[in-house]
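This report refers to the structure that appears directly beneath it.
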Amino acid sequence: MNGVCGSFSVFSSGHYLLTGDIDYLWSALAFPLAGLMFDFFDGKVARWRKSSSMLGQELDSLADLISFGVAPSLLAFAVGLRTYLDTVVLTGFICCGLARLARFNATVASVPKDAAGKAKYFEGLPIPSSLALVSVLAYWTKNGWIEGQQGIPWGTVTLWGNAGGRGEVHVVSLVWGLWATAMVSKTLRVPKP
């Protein structure tokens with residue numbers, strides 16, 4: 001269901017871009033949170049049943065990529081991060097999420113575990129942490145700080161060429177880029193709850 005929620009978020013963002021109907025944007029903002037609830041529930045059930053499989057692990061990662069990588073990036077695009085360089089950063093965000101999930105699946109066995117067999121820490125920010133960025137987008141939407149209304153906070157800078165050209169980027173894209181970097185960091189260790 002996590003992947004279903006992420007997919008609904010993607011399509012709701014698309015509907016918003018096509019129609020301008022803010023209700024679609026609110027739906028797109030809510031679905032990743034629902035995906036997180038299903039992601040937690042799925043993990044709890046697997047631990048309760050003491051059963052897991054490689055297929056389940058891979059499906060979980062693919063669902064996470066949709067709900068916490070692709071959906072938040074498309075949401076950022078929908079609210080206004082639409083310059084050429086914004087889309088480069090958002091694509092990098094998705095790819096870093098993908099790399100983070102692949103590394104997790106490949107190295108999960110080597111991460112130190114507690115007495116219950118649960119990993120002690122995350123190596124790099126876990127991809128569901130992107131919901132913090134989705135929360136910021138929801139706050140901006142509530143305040144009208146989106147494209148077509150008051151615009152994205154902090155505006156844009158032009159790194160080369162003319163304003164409105166390929167060298168223009170929203171300042172807030174830097175946050176998405178730093179978040180992506182933190183997801184693939186090998187030195188950042190986030191304790192697990």
>> Suppose we keep only residues that are open to solvent by less than 10 Å² (accessible area, probe 1.4 Å) and of a type in the set (A, V, I, L, M) within the stretch 70-85. Which one would you say is farthest from L33 (Cα to Cα)?
In response: L81
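Could you check the stretch 126-152 and list, in sequence order, the residues that are out of contact with any strand residue (DSSP E or B) (no Cβ under 9 Å at 6 or more places or on another chain) and open to solvent by less than 30 Å² (accessible area, probe 1.4 Å)? Break it down into steps so the answer makes sense when it comes.
Filtering the stretch 126-152 for residues out of contact with any strand residue (DSSP E or B) (no Cβ under 9 Å at 6 or more places or on another chain) gives 127-128, 130-151.
Listed by number, the residues that qualify are I127, S130, L131, L133, V134, L137, A138, W140, T141, G144, I146, G151.
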>> With the structure loaded, tell me whether R100 is in contact (Cβ under 8 Å) with a residue 40 or more places away in the chain, surrounded by 15 or more Cβ atoms within 10 Å (Cβ to Cβ), among the charged types (D, E, K, R) and assigned to a helix (DSSP H, G or I) or whether it fails that test.
In response: yes
>> Looking only at the stretch 155-174, filter to residues that are open to solvent by 30 Å² or more (accessible area, probe 1.4 Å) and within 21 Å of the chain's Cα centre (by Cα); which one of those is farthest from M37 (Cα to Cα)?
In response: V171
> Hey, does the stretch 108-125 have a residue that's open to solvent by less than 50 Å² (accessible area, probe 1.4 Å), among the polar types (S, T, N, Q) and not in a loop (DSSP other than H, G, I, E, B)?
Replying inline: no
> Hey, any hits in the stretch 48-62 for a residue that's surrounded by 23 or more Cβ atoms within 10 Å (Cβ to Cβ) and at pLDDT 90 or above?
Replying inline: no
>> One residue is enough: does the stretch 31-41 have a residue meeting the conditions at negative phi, modelled with pLDDT under 95 and either under 15 Å from the mean Cα position of the chain (by Cα) or open to solvent by less than 30 Å² (accessible area, probe 1.4 Å) (or both)?
In response: yes
> On the given criteria, is S61 hydroxyl-bearing (S, T, Y), part of a loop (DSSP other than H, G, I, E, B) and out of contact with any Asp or Glu (no Cβ under 7 Å at 6 or more places or on another chain)?
Replying inline: no
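The values are calculated or read from the model by the stated rules, or taken from the named source; none is laboratory data. Computed from a predicted structure; not experimentally measured. With ideal geometry, Cβ positions are generated from the backbone for all residues, glycine too; neighbour counts draw on all protein chains shown. Each accessible area value is taken on the protein alone, full model and side chains, heavy atoms only, with ligands, DNA and RNA left out. Shrake-Rupley method; radii C 1.70, N 1.55, O 1.52, S 1.80 Å.
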